[in-house]
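The values are calculated or read from the model by the stated rules, or taken from the named source; none is laboratory data. These figures come from a predicted structure and were not determined experimentally. Reconstructed Cβ throughout: ideal geometry from the backbone, glycine too, with neighbour counts over all protein chains shown.
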Amino acid sequence: MSGAADQNGTEAAFAGAGIGLLTLDLRTGRVGAANPHLCDLLGYPADGLTGLALEDLGEAVFPVPAGFRPWRRRDGGVLDVRVRPSAPADGIQVLVVDGPEAEDAVSIAASPTDDLGEWRFDPRTGFVALSRRAARILGEIPTSGLPWASLRGRLDGAEAARIEGEVRKALGEGGAFALQCRLNRSDDGRESHIDVRGEARWDGRGGAAGIAGTVQDITAEVVTRAALHASEQRLRIATSLAALGIFEWHMLDDQAVWENERMFAIFGRSVADGAVGKREFLEHILHPDDRAPFRTAISRALRGDAVLQATGRIRRRSDGAWRIIDLAGRFEQDPHHRLPRRLIGVVADVTERRMAEERQTLLIRELHHRVKNTLATVQAIVGSTARTASSIESFYEAFVGRIMSLAHTHSVLTEDTWQTASLRTLLANELRPYADGSLGEGAADARIRLDGPAVDLTSDVAVPIGMAIHELTTNAAKYGALSTSEGRVAITWSLESDGTLDFEWRESGGPPVPPPTRQGFGSRLLQRVLTAQVRAEVTMAYPVDGFRLRMLAPLPARSTVLASLP
């Protein structure tokens, strides 16, 4: 009794199901039974499908595969149906058949959770059948007979040709394809980005029966990707203009997993050299004196979940030069264990800026020092000139000449970038009015001969030496070799290995030189100012044929800050 009841219940469920059901005899290819819902769907009366060859409905492959395909209705029309078969058992296969309204999440090489629509292309008719969801994606109405030419007209020409090429390849060689393209929707003309996937379907004779596939609207994804790309481009441009290096460092691997191009440039590395790890950075790249402060900054940032900020000197790999960098970053922590996982940060090469700041500080100190020394020099000039002048006119002439010499020396210092003055320039400025043309270099017959290497004087010694050159020139023009047309002045100098300037002034061809009866300002400047300010050894001689002076002056080294600049 129970067996009969079960059978009756099954038959009742089969007959009353709201979905198409069909049993197929695989030996004969004929319908064993079809429920009323399927008969009605295909336009047949109840039991009208029983015994009908399934091939008459358009199915030619046995066992029947799953998929979306057109079946012929009783009136000759075509209906797109979705077939979901059971596994064959004892030569019988059960088919579940849905109409185009019943949408299931299906996929061909896609996730079953994707919002997909189904399509099928019949190469014999050139028509494309669309499921309800596929039609909605393309802006069409569900249909089993949309001409491919209609769809092609709404695609870019190159993309339509690409799709046709993939379909021909699949029909000829089999296999699946996937591509993305743009399409103008039929209903509103809006451009959509779609993902199209397809796979060849075969008939029972080994030929291609058509292409079945899926379509998905990926417009939002493409727009998001484009916005992200634009954002990355803006960031890339900003970091490029700001000359910032960007990096991502993973703590467990102790390795930077990503660096932008500027990072490689700052550290003087190539892509082939690879990224920099923490151990290599702290132990080999960072200056030894800066390692402890860097480690302290890292520990502080880890403990306080704060921004890491540190400054240090690194040795650039490409040329071995030391560069100053500022580094800022933040550690990202594991949300569960609160352990730091990675550090994302930026690096800036601030060498030129730091050097400029130090140079500015140095120049301000230099300005204060120079103003103080200049005022002291002017005070000495006023007092000594007044004591040695015989009249207001002689005082004015000597005072103005000495002030002009002081101004010329300061002009030379100001024009030079590193606040130094060329010894040759100081000499040429004073002696050019007395030269017979150009200033000779090594010529024995030149009236004024300058012979020596290039020597740059710092402001500490340039001002007193410039004043000394002015006094020597003035004395020679008034009383010595430059007071006659036959007189000659030869100035030679050399720079010793210990940095000592060996300077010699030699006059000849002028009037006989008597030894001085009193010490004027010029003599006092040469003897006392050079000795006090330059720490020079000054020797003067008065042979009859012309005045001579020799000065041995230790030149101070250029500032280490300035010397370190390129």
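Filter segment 199-239 for residues that are assigned to a helix (DSSP H, G or I), at pLDDT below 80 and either among the hydrophobic types (A, V, I, L, M, F, W, C) or assigned by TED's automatic domain parsing to the domain that holds R136 (or both) and give the result.
Result: A226, A227, L228, A230, L235, I237, A238.
Determine whether T531 is farther than 29 Å from T420 by Cα, at pLDDT 80 or above and polar (S, T, N, Q).
no
Assess whether G172 counts as being assigned to a helix (DSSP H, G or I) and modelled with pLDDT of 85 or more.
So G172 fails the test.
List the number of the failed condition for A306; all other conditions in (1) modelled with pLDDT of 75 or more; (2) within 22 Å of D254 (Cβ to Cβ) hold.
Result: A306 fails condition (1) only.
Which of the residues belonging to segment 479-528 are touching a Leu at 6+ places or on another chain (Cβ under 9 Å) and modelled with pLDDT under 75?
Matches in segment 479-528: G522, L526.
Output the residues belonging to segment 38-56 that are under 14 Å from T23 (Cα atoms) and buried (at least 18 other Cβ atoms within 10 Å of the Cβ).
L38, C39, L49, L54 - these are the residues of segment 38-56 that are under 14 Å from T23 (Cα atoms) and buried (at least 18 other Cβ atoms within 10 Å of the Cβ).
Going residue by residue through segment 170-184, is there one that turns out to be crowded, with 18+ Cβ neighbours inside 10 Å, in contact with a Leu (Cβ under 8 Å, 6 or more places away or on another chain) and either on the phi < 0 side of the Ramachandran plot or among the basic types (K, R) (or both)?
Yes, segment 170-184 contains at least one residue that is crowded, with 18+ Cβ neighbours inside 10 Å, in contact with a Leu (Cβ under 8 Å, 6 or more places away or on another chain) and either on the phi < 0 side of the Ramachandran plot or among the basic types (K, R) (or both).
Being in contact (Cβ under 8 Å) with a residue 24 or more places away in the chain, surrounded by 13 or more Cβ atoms within 10 Å (Cβ to Cβ) and touching a Cys at 6+ places or on another chain (Cβ under 7 Å) is true for just one of V196, V222. Which residue is that?
Result of the check over V196, V222: V196.
Go through segment 481-513 and give me each residue that's in contact with a Gly (Cβ under 7 Å, 6 or more places away or on another chain), outside any helix (DSSP H, G or I) and farther than 26 Å from A532 by Cα.
Correct list: T484, E486, G487, R488, S508, G509, G510, V513.
Got a sec? Which of V271, V347 is closer than 23 Å to A243 by Cβ and crowded, with 18+ Cβ neighbours inside 10 Å?
The conditions single out V347.
Give segment 338-360 a look and list any residue that's among the charged types (D, E, K, R) and either out of contact with any His (no Cβ under 6 Å at 6 or more places or on another chain) or in a helix (DSSP H, G or I) (or both), or say none.
Scanning segment 338-360 gives R338, R341, D349, E352, R353, R354, E357, E358, R359.
Just give me the residues in segment 251-295 being touching a helix residue (DSSP H, G or I) at 6+ places or on another chain (Cβ under 6 Å) and in a helix (DSSP H, G or I), in sequence order.
L282, R291, listed by residue number.
Which of the residues belonging to segment 282-313 are of a type in the set (S, T, Y) and more than 15 Å from Q333 (Cα to Cα)?
T296, T311
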